[in-house]
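A short write-up of the structure that comes next.
The values are calculated or read from the model by the stated rules, or taken from the named source; none is laboratory data. Keep in mind that what you see is a predicted model, and the values were worked out from it rather than measured. In this analysis, Cβ positions are derived from the backbone assuming ideal geometry, glycine residues included, and neighbour counts consider all displayed protein chains.
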Amino acid sequence: MSSTESHIRFEPVPRPGRKTEIYRVMSVHYDVELGTIEWHSPWRQYVFFPADLTYWSAGCLRDVQEQISRLMAERRERR
């Protein structure tokens, strides 16, 4: 895999009737859930909840941060 390809992917979790979305953060290679991105009401923003005993490279953390930024931008556009 080249350095420009991601090792993670984001899958929406179906939640009919809910305002905010949850995304599973999945391993591309092993199809294992590595964590979730969810709305955190007290902070009024999306946050990342890593699964226990997972390890994160700077590149994968950057991918998570970029996904959160996209979700926040989409949320602002809807308001």
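Of these, Arg76, Arg62, which one is within 20 Å of Glu5 (Cβ to Cβ) and of a type outside the set (Val, Ile, Thr)?
Numbers: Arg76 fails: within 20 Å of Glu5 (Cβ to Cβ).
From the options Arg76, Arg62, the qualifying one is Arg62.
Looking at the range 6-37, which of the residues that are acidic (Asp, Glu) and part of a loop (DSSP other than H, G, I, E, B) is nearest to Leu71 (Cα to Cα)? Before the answer, list the steps.
From the range 6-37, those acidic (Asp, Glu) are 11, 21, 31, 33; that's our starting set.
Remaining after also requiring part of a loop (DSSP other than H, G, I, E, B): 21, 31.
Numbers: Glu21: 9, Asp31: 23 Å.
Per the stated criteria, the residue is Glu21.
Determine the pairs where a residue that is assigned to a loop (DSSP other than H, G, I, E, B), located within the range 38-52, has a partner that is surrounded by fewer than 14 Cβ atoms within 10 Å (Cβ to Cβ) with Cβ atoms under 8 Å apart, the partner being 6 or more residues away or on another chain.
These pairs meet every condition: Ala51/Glu33.
Tally time: how many residues in the range 53-71 are in a helix (DSSP H, G or I), surrounded by fewer than 13 Cβ atoms within 10 Å (Cβ to Cβ) and among the hydrophobic types (A, V, I, L, M, F, W, C)?
1
Collect the residues in the range 50-79 that are farther than 22 Å from Thr20 by Cα and of a type in the set (Gly, Ala, Ser), keeping them in residue-number order.
Ser57, Ala58, Gly59, listed by residue number.
So, Glu5, is that one acidic (Asp, Glu) and modelled with pLDDT of 95 or more or not?
No, not satisfied.
Quick grid of which residues meet (1) under 12 Å from the mean Cα position of the chain (by Cα); (2) farther than 15 Å from Arg9 by Cα; (3) among the acidic types (Asp, Glu):
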{"site": "Val25", "(1), (2), (3)": "yes, no, no"}
{"site": "Val28", "(1), (2), (3)": "no, no, no"}
{"site": "Gly35", "(1), (2), (3)": "yes, no, no"}
{"site": "Trp39", "(1), (2), (3)": "yes, yes, no"}
{"site": "Leu53", "(1), (2), (3)": "no, yes, no"}
{"site": "Val64", "(1), (2), (3)": "yes, no, no"}
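So in the range 1-40, with the set limited to residues that are of a type in the set (A, V, I, L, M, F, W, C) and under 23 Å from Arg76 (Cβ atoms), which one is surrounded by the fewest Cβ atoms within 10 Å (Cβ to Cβ)?
Residues of the range 1-40 of a type in the set (A, V, I, L, M, F, W, C): 1, 8, 10, 13, 22, 25-26, 28, 32, 34, 37, 39.
Applying the additional criterion that residues be under 23 Å from Arg76 (Cβ atoms) yields 10, 13, 22, 25, 37, 39.
Working: Phe10: 17, Val13: 12, Ile22: 16, Val25: 24, Ile37: 21, Trp39: 16.
Once the filter is applied, the top-ranked residue is Val13.
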